[in-house]
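Worksheet: the structure to be examined is printed underneath.
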Amino acid sequence: MARTKSLGRRFSSHAPAAPQPERKGRPKSKTKKGLVLAVMSSKSALPVPPVRLRNPITSFSIPIIRAEIIMDESLTNPGTLITYCAPQEMVAIDSHTKKKHTTCRVPVMEGGQLKGYVPLPMRYREIWLELCYNIVLLINIWKLWSKEVEKALKPKEKKMATACRRNVGTLLVQYMLARLLAVEELVSLSYNTDPGEECVKVLNEWKVRMLRDWFYMTHSEAKADGPEFMCADPRRLIRIERRWDIEEDGSDILLLPGDSNTWIHGRIEGLENIFENTIKPQALQEMSKPSQFFEPRYEEGAKLPARWHEGHDPHPSFWSAKQWDWFCKGNDHWSTPIDLLRYVLVTEPVYHNIEQFLGDLRSLSGIISLDPDLDDIEAATEDLWLGKMIWKEFVVSLRGGLNLSKEQTMTSEKKGMSFWMSTLHLILANTDDRNPFNTLEARLVFEGYVRRGNVNLCAHSAGDDILWEKLNQIGPQEYRPVWEWVTNEIMLRGATVIEVLRKAGTWWRDFRYQQAKSSQVGKNATEEGNAGSADVSSEISAQFREQQQGASAPCMQDVEMRQEDGPSNRRVEDDDLPEKDYEDSGDAFPQPDGIGGHAHEASTAANLTSSTHPPLPPPALIVDNPQTTVLRSSMESNPALPPIPLPAKNTTAAQEQTTRVDQQQEPNTVQPLHLGLTRYREGRDSLETYRESLMNSFPSDFETGIQKFVEDLQHVPLEQLTPEVATPILDSFVRRIKAIEARKEASEVQGALL
């Protein structure tokens with residue numbers, strides 16, 4: 001649309017909600033100069049200029065646009081359209097003074113989904129809304145002129161409607177470009193951010209140029225036209241402009257409505273009537289007889305900039321919800337940038353897409369660095385995301401890519417620490433002392449391992465070279481058993497990394513306890529075995545001589561009775577070990593009876609092994625027998641149902657020796673039986689899965705007994721399989737196991753005697 005006295009002023013300033021009554025002696029402004037004089041009249045109670053800017057406008061940042069808007073896909077596709085919601089008032093803590101102040105954030109939507117936020121100083125809230133309202137107003141008027149062009153029958157009417165559409169479309173691009181530049185200034189914090197002293201240059205410039213209709217002028221031309229406005233605070237001009245006298249009907253449409261919900265979604269109620277009754281006839285009249293104010297904005301052959309709205313790539317680096325929360329807590333992007341990255345990785349909700357983390361990293365880079373090396377930064381981020389780089393290496397890489405000092409790698413909680421100590425704190429942040437495995441660094445390594453497996457199934461195996469290379473970098477070799485347990489839990493159970501790492505501390509304490517306990521039992525057995533070996537050898541020699549002389553061989557029960565008296569058969573009970581008060585850590589979880597011992601036992605294991613590193617566990621516990629590990633860990637992870645009690649022990653003197661041997665072998669034989677039965681009762685495993693796990697856990701000699709045990713369970717409905725019902729069935733199977741083992745042992749003893 002052509003810029004005229006009435007219509008030009010209509011699209012470049014606001015009018016009062018109700019026309020001001022004409023004062024005596026104050027003539028209405030009939031010219032552009034007269035309008036300015038009316039604003040600057042000495043009768044006005046406002047100062048001239050109203051309030052001076054601390055930093056006057058010395059140049060224009062918003063380029064002059066001469067091309068009409070083109071509705072590309074990013075503006076017409078609802079799935080990619082970027083829109084802004086009304087500003088939300090928020091309370092934030094200033095990073096320097098630590099005082100609370102009120103600020104704003106503008107929610108950004110893409111395709112109806114929250115994309116991020118734009119930080120906005122409270123003092124610029126009205127100008128921001130005014131700019132957004134003008135864009136909505138202009139785009140609706142442009143669409144109305146487009147309809148006029150389509151329905152025009154006469155060439156002259158079509159030509160005038162086209163000229164009006166082009167002028168409105170050109171001014172629309174000018175405003176959209178101004179908003180894009182303002183957003184980039186806001187999200188990068190490229191202005192004075194002191195609360196109450198903020199100065200957003202682009203918004204200042206847009207407001208003054210909009211009021212003065214300077215969007216077709218260069219800075220030098222505008223300065224000559226009104227030099228005093230280069231120093232005026234545009235926020236004060238909001239009140240000055242409302243003293244203007246607007247004569248035209250429909251001027252209310254130029255005012256920013258008090259309720260943003262009436263226009264923020266893209267439509268303005270009543271605009272069609274105002275367009276038909278006021279805007280359209282006045283514009284066509286001006287086109288027929290151009291006045292001295294007529295100035296076409298559109299220029300034939302002019303091209304649009306490469307980027308002139310937020311939908312063009314690259315998009316502005318909008319703030320994520322996590323970045324906003326971190327900022328409002330009183331943190332500073334320049335002082336502790338690495339702490340922001342740590343914060344977004346360790347807080348809920350967890351990021352599942354690398355673009356989420358890259359969005360925070362790009363935003364941070366745009367704030368603290370003038371020329372960040374984004375290619376190298378994004379390459380390092382991808383390696384971190386896939387577990388090919390550990391967190392400490394990533395921090396070192398960022399120091400080079402963002403030109404960070406050692407102090408900038410500190411966290412907000414640990415200022416004053418050395419660079420490497422602060423890096424170590426980043427790694428161990430939010431880590432329980434009782435669980436050294438639940439760290440950010442370990443989590444990133446295992447999550448990268450899972451992501452590599454999702455991309456390349458060949459890489460998703462326990463023998464992943466990258467996985468073990470990075471695990472060796474973040475922990476000592478003695479942690480190998482727990483890392484293998486974590487890997488098995490992820491691969492076989494499909495458990496999440498966070499879930500398994502939270503339980504790793506408890507698993508490790510249990511493992512160390514069982515390891516120390518086995519070591520202590522073996523040591524005692526060796527010492528006592530040496531003392532009693534002479535007596536046992538003498539007894540066997542006497543029996544052999546009696547057999548050679550024709551005496552009958554002793555029965556198995558007699559052998560067991562005689563062996564019972566030997567000191568080598570003494571078993572170390574739990575009560576023989578020293579007790580110590582033990583308080584479980586925050587990340588631990590309840591353990592059922594018979595699984596992993598009690599709390600004081602874990603503490604005992606820690607005391608027994610505190611001076612030396614424990615040896616690696618038997619291979620069957622880690623890799624060769626993953627079923628046993630899975631059953632055991634699954635039982636630990638869900639203790640909601642009571643475990644099946646161990647079968648009643650025979651206490652006859654004749655069977656006591658056999659019972660002791662069985663108890664020493666319980667972790668490898670009877671224990672999988674109880675764990676698997678508990679999983680079956682909880683509905684986590686089928687009966688067939690339970691049968692297969694037993695087949696894998698016991699030698700082939702027990703196959704018939706296992707089959708009979710499973711058949712007995714089949715006859716009992718799962719909901720009726722209480723501990724009381726299951727115990728007799730379990731006892732029967734255990735007795736069959738022991739009978740088979742007794743026969744095998746008797747055969748071996750008889751062979752030795754012969």
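Does L304 count as within 30 Å of I139 (Cβ to Cβ) and among the aliphatic types (A, V, I, L, M)?
So L304 fits the description; yes.
Looking at (1) at pLDDT below 85; (2) over 23 Å from T496 (Cα atoms), which is the only condition R434 fails?
Of (1) at pLDDT below 85; (2) over 23 Å from T496 (Cα atoms), only one is false for R434: (2).
Report, ordered by the first and then the second residue, all pairs with beta carbons closer than 8 Å, sequence separation of six or more or different chains, a first member in the stretch 187-211 that is within 17 Å of V118 (Cβ to Cβ), and a second member that is in a helix (DSSP H, G or I) and open to solvent by 30 Å² or more (accessible area, probe 1.4 Å).
V187/G366; S188/G366; S190/E184; Y191/K201; E198/R123; V202/L181
Collect the residues in the stretch 322-361 that are part of a loop (DSSP other than H, G, I, E, B), touching a strand residue (DSSP E or B) at 6+ places or on another chain (Cβ under 9 Å) and surrounded by 15 or more Cβ atoms within 10 Å (Cβ to Cβ), keeping them in residue-number order.
Correct list: G330, N331.
Before we move on, is D375 buried (at least 16 other Cβ atoms within 10 Å of the Cβ) and charged (D, E, K, R)? Even if it seems obvious, please write down each step before you answer.
Values: buried (at least 16 other Cβ atoms within 10 Å of the Cβ): no; charged (D, E, K, R): yes.
For D375, the condition - buried (at least 16 other Cβ atoms within 10 Å of the Cβ) and charged (D, E, K, R) - is not met.
Hey, any hits in the stretch 38-60 for a residue that's modelled with pLDDT of 50 or more and outside any loop (DSSP other than H, G, I, E, B)?
Yes: one or more hits.
Name the one entry in R243, R307, R235 that is surrounded by 13 or more Cβ atoms within 10 Å (Cβ to Cβ) and at pLDDT 90 or above.
Result of the check over R243, R307, R235: R307.
Identify the single condition in (1) at pLDDT below 95; (2) within 24 Å of K280 (Cβ to Cβ); (3) hydrophobic (A, V, I, L, M, F, W, C) that V136 does not satisfy, given that it satisfies every other one.
(1)
When residues of the stretch 124-168 are filtered for being within 41 Å of the chain's Cα centre (by Cα) and of a type in the set (G, A, S), how many remain?
The total comes to 0.
Looking at E276, E272, E286, E248 in this structure, which one is modelled with pLDDT of 90 or more and over 49 Å from the mean Cα position of the chain (by Cα)?
Working: E272 fails: over 49 Å from the mean Cα position of the chain (by Cα); E286 fails: modelled with pLDDT of 90 or more; E248 fails: modelled with pLDDT of 90 or more.
The unique qualifying residue is E276.
Restricting attention to the stretch 73-97, and to residues there that are part of a helix (DSSP H, G or I) and hydroxyl-bearing (S, T, Y), which single residue is most open to solvent (accessible area, probe 1.4 Å)?
T76
The values are calculated or read from the model by the stated rules, or taken from the named source; none is laboratory data. What you are looking at is a predicted structure, and each value in this text was computed from that prediction instead of being measured. So basically every Cβ, Gly included, is an ideal-geometry build from the backbone, and we count neighbours across all protein chains shown. For the accessible areas, the whole protein counts, side chains as well, though only heavy atoms, and no ligand, DNA or RNA atoms are used. Shrake-Rupley method; radii C 1.70, N 1.55, O 1.52, S 1.80 Å.
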